């Protein structure tokens, strides 16, 4: 499932179309699985999220002949852009677009760390950021396992991911193009000891992720990224929100940052 979602996040049109066809079937299958399971375990919650994501992406990539459906999606995209742009204006930041290659969360965080001068530029590529997230999650299993999806029936009795599944989850975060989400954002906030604010169209418009350690929080070191569901027609996507005062430098830095990131 994660490989299909990453495939849709890529730019390859043929791969997107193939993934769309499969996801249409997956959405139906997962909805059935969710209906047949208890609603209070992590696997069911994860399957429900994946079913919604698959259905959303299948809808977006369908070659629809329904003008009303197309108009609704376009309006939702405009509303999302308007809300996020307004919040960015209030914060004095400007969107810096991240490549939609399956690594967008990690690239956006890396860009923020670089622009704010929090780590060396050589350490801001997405493989390095993925490594940091995976290492932190792996080192703090008790903080993450309750919120991660169990994958096999063998874990059904405990309702928690097994040690083997946890190890596999961390490996996927570290080594593949699996999308990052809330667990990875929290891991990175703690790994780098910085607040991460996610700007989105949904309420609340700013979702705050603070490191769990009782460290003094410096407003000048807040990492800000934007979360998009509709704007790009790509499903879920993250961009970096650079301070406007840094944009002059940042534009010149863009080519350096891009060159430092290996191809997906």
Checklist entry - Out of 86, 39, 53, which single residue is in the same structural domain as residue 241 (by TED's automatic domain parsing) and either over 17 Å from the mean Cα position of the chain (by Cα) or modelled with pLDDT under 95 (or both)? => result 86
Checklist entry - Restricting attention to the stretch 167-201, and to residues there that are touching a residue at least 60 places away in the same chain (Cβ under 8 Å) and over 18 Å from residue 237 (Cβ atoms), which single residue is surrounded by the fewest Cβ atoms within 10 Å (Cβ to Cβ)? => result 172
Item to check | Looking only at the stretch 202-228, and only at residues there that are touching a residue at least 40 places away in the same chain (Cβ under 8 Å) and touching a strand residue (DSSP E or B) at 6+ places or on another chain (Cβ under 8 Å), the one that is farthest from residue 86 (Cα to Cα) | outcome: 223
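For (1) assigned by TED's automatic domain parsing to the domain that holds residue 85; (2) farther than 12 Å from residue 108 by Cα; (3) at pLDDT below 95; (4) within 18 Å of the chain's Cα centre (by Cα), each residue gets a yes or a no:
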{"position": "212", "(1), (2), (3), (4)": "yes, yes, yes, no"}
{"position": "218", "(1), (2), (3), (4)": "yes, yes, yes, no"}
{"position": "226", "(1), (2), (3), (4)": "yes, no, no, yes"}
{"position": "231", "(1), (2), (3), (4)": "yes, yes, yes, yes"}
Next on the checklist: Just to check your reading of the model, which residue among 92, 102 is surrounded by fewer than 19 Cβ atoms within 10 Å (Cβ to Cβ) and in the same structural domain as residue 235 (by TED's automatic domain parsing)?
Outcome noted: 92
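Is it true that some residue in the stretch 230-242 is surrounded by 16 or more Cβ atoms within 10 Å (Cβ to Cβ) and assigned to a helix (DSSP H, G or I)? Quick ask: steps written out before the conclusion?
Residues of the stretch 230-242 that are surrounded by 16 or more Cβ atoms within 10 Å (Cβ to Cβ), as a first pass: 230-232, 234-242.
Adding the requirement that they be assigned to a helix (DSSP H, G or I) leaves none.
So far as the stretch 230-242 goes, no, none of its residues is surrounded by 16 or more Cβ atoms within 10 Å (Cβ to Cβ) and assigned to a helix (DSSP H, G or I).
The values are calculated or read from the model by the stated rules, or taken from the named source; none is laboratory data. Because the structure is a prediction, the values reported are computed rather than measured. When we count neighbours, we look across all protein chains shown, and the Cβ atoms used for this are built from the backbone with ideal geometry, even at glycine.
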